[in-house]
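Report on the following structure.
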């Protein structure tokens, strides 16, 4: 892992100076607060907009705090992941295409150090982002609806973080393996089409990384079959490690793709 | 002189195109070598293989006493930097990645930046740098760790005359303690700082040797005599037993095996009733040699 600290510092400087630590968490915070707020004020919003027929009555469902967190996670799953992945999918491939990688690759660095330094920074941005998203969602839910049980909340948060690490590892692996355009397509297909497949025919199996975000919520509801949960978590962690391994290898193999 | 680098049968093939075709050469320690050739001759590909970025199809690059990657500094033709770093941060990072201890890296980076003339811009973001400043920064990142071998791809081609002069002087300052291999198609530069010339053409090494050796092989020396008028030039050529070509007011006389000598020529001229403006012995410039080598079949 030669040069890890130096490369980590470089990656942090980039993320910091390009405001990634600010604007991505901000996006997540906005996503997180939108569901509790819109659901709570739905009746007022509808009244204010007007055009409701005379005598119209709507039965609003009685929402539990955990329902709102689930809705927020649903937002993170689409727009949130899209933002994170789009931001980071070029992190290796663009460096190669522009030639910025050349001046680093000619030095005696280890590619696993370079890969890991990028992964650590991405994970940190991801962590801060979902922390902001969860915090915003929970804050407005607690103010408007009711409280959570802290233990299962933390468990749910880290379950979601594990899933996020998997997503980021896939993204970075694709970036190491392909050019930016192909990497983007492959990463998006794997993560989003995976979600769609999981939603349509996911009832036929119970263990998969794509199930983890929902399992985190089920932990809070207390309806989780724990063996499914643990197996999914283990599979996710293993897949993450495998992605890191493959990414490191392809990054090294593709070093000659850098523009000289 | 001790050999630093030995290249044997180096070949690179992309799909069905052979870009570098089995070249052999050695670099002695603390010498400067110019890699010359027309565009597309394979200069950059050769340098890329020496850096280790590109795997040779066949052949080998041997560095005596040590590992290649930790002993080289490389400047690409168009160096690209991370724009959000400052010059000092980038140079310091380069030093650390090459194993300079963290405590010394910053000082080394500062000194190197001063050496390349970026002392006052060390803390500015690279995004604000001009082309010339980037080239200097490129040199600083290549030399900050004091590599044994410095590989430079067209180090001065993109610079204006002033910048070129300054960068050449910088490189001359490094010649004493570094082995330099640089590619160029600007021959005046090669003429100025070169112990060895390598001529590449279509991926093949067609000429090699010191500037003197190459010059001797390709030189066709001649005398030029400039007369006052064309008639006089013509008249002199017709009357004299020396074989000369008349071009306007100039008469060119080929020298074959040091014949005729300057004395003989002057003797012929001294008796003639002409006004003579100039007598000169000409040797081929590197550019003429380059043209000959480039066209040689």
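No lab work stands behind these numbers, since they all come straight from the coordinates. Only a predicted model underlies this, so the values are computations on that prediction, with no experimental measurement involved. So basically every Cβ, Gly included, is an ideal-geometry build from the backbone, and we count neighbours across all protein chains shown.
Between A:85, A:60, A:224, where does the largest GNM mean-square fluctuation fall for chain A, given springs only between Cα atoms within less than 10 Å?
Ranking A:85, A:60, A:224 by mean-square fluctuation puts A:60 first.
So how do B:269, B:97 line up by other beta-carbon neighbours within 10 Å, fewest first?
Ranking B:269, B:97 by Cβ neighbours within 10 Å, fewest first, gives B:269, B:97.
Could you compute how fast the stretch A:56-98 diffuses translationally, taking Rh as the Kirkwood radius over C-alpha pairs and applying Stokes-Einstein at 4 °C with viscosity 1.567 mPa s? Give it in µm² per second.
Once the numbers are plugged in, D ends up at 97 µm²/s.
Whole-Å semi-axes of chain B's equivalent ellipsoid, largest first, each the root of 5 times a Cα gyration tensor eigenvalue?
Its equivalent ellipsoid spans semi-axes of 46, 23, 16 Å.
Please build a GNM for chain A, connecting alpha carbons under 10 Å apart, and tell me which residue among A:91, A:38, A:203 fluctuates the most.
Highest fluctuation of the listed residues: A:203.
Taking every DSSP beta bridge with both residues inside the protein assembly as shown, roughly what % is antiparallel (nearest 5)?
65 percent
Which angle from 0 to 90°, rounded to the nearest 10, does the C-alpha axis of helix A:150-177 make with the longest principal axis of chain A?
So the helix axis and the longest Cα principal axis differ by about 40 degrees.
Okay, helix-only estimate at 222 nm for chain B: each DSSP H run of n ≥ 4 adds -39500 (n - 2.57), divide by all residues, round to 500 deg cm²/dmol; what do you get?
Estimated from H runs of four or more residues: -10500 deg cm²/dmol.
Given a 10 angstrom Cα cut-off, can you work out which residue in A:151, A:194, A:202 is the most mobile in a GNM of chain A?
Ranking A:151, A:194, A:202 by mean-square fluctuation puts A:151 first.
Which percent of Cα pairs goes in each bin when the distances of the stretch B:144-245 are cut into 5 angstrom slices starting at zero?
That works out to 2, 9, 16, 16, 12, 10, 8, 7, 8, 6, 3, 1, 1, 0, in percent per bin.
With everything on Cα atoms, drop me the angle between helix B:230-239 and the longest principal axis of chain B, reported from 0 to 90° to the nearest 10.
In chain B, helix B:230-239 runs at an angle near 70 degrees to the longest axis.
Considering only DSSP beta bridges whose two residues both sit in chain B, what percent are antiparallel, to the nearest 5?
65 percent
Would you list the P(r) distribution for the stretch A:139-260, with all Cα-Cα distances sorted into 10 Å bins from 0 and each bin expressed as a whole %?
Answer for the stretch A:139-260: a P(r) of 13, 35, 28, 17, 6, 1 percent.
Order by neighbour count: B:267, B:145, fewest other Cβ atoms within 10 Å first, most last.
Ranked by crowding around the Cβ, least crowded first: B:267, B:145.
Assign one of three labels to the stretch B:176-219, namely rounded, prolate or oblate, based on the Cα gyration tensor with a ≥ b ≥ c the square roots of its eigenvalues; rounded applies when a/c is under 1.5, prolate when it is not and a/b is larger than b/c, and oblate otherwise.
oblate
With contacts defined as alpha carbon pairs under 8 Å and 6 or more residues apart, what's the relative contact order of chain A in percent?
31 percent
In which sequence would A:123, B:130, A:93 go, from the one with the fewest C-beta neighbours within 10 Å to the one with the most?
Neighbour counts put them in this order, fewest first: B:130, A:123, A:93.
Assuming a viscosity of 1.567 mPa s and a temperature of 4 °C, what translational diffusion coefficient in µm² per second does Stokes-Einstein assign to chain A, Rh being the Kirkwood radius over Cα pairs?
65 µm²/s
Bin width 20 Å, origin at 0, all Cα-Cα pairs of the protein assembly as shown: what percent of pairs per bin?
Going out from 0 Å in 20 Å bins, the protein assembly as shown shows 17, 35, 25, 14, 6, 2, 0 percent.
Just for the Cα atoms in the stretch B:204-255, what are the lengths along the principal axes, largest first, rounded to whole Å?
So the three principal-axis extents are 47, 19, 18 Å.
Only Cα pairs under 8 Å and at least 6 apart count here; give the relative contact order of the stretch A:18-123 as a rounded whole percent.
Computed value for the stretch A:18-123: 36 percent relative contact order.
Could you let me know the centre-to-centre spacing of the stretch B:19-70 and the stretch B:123-150, using Cα atoms, in angstrom?
Computed from Cα coordinates, the inter-centre distance equals 22 Å.
Less than 19 Å from a label point 7 Å out along the Cα-to-Cβ axis of residue B:235: which backbone N atoms in the stretch B:255-293 qualify, by residue?
Counting backbone N atoms under 19 Å from the label point, the list is B:266-279.
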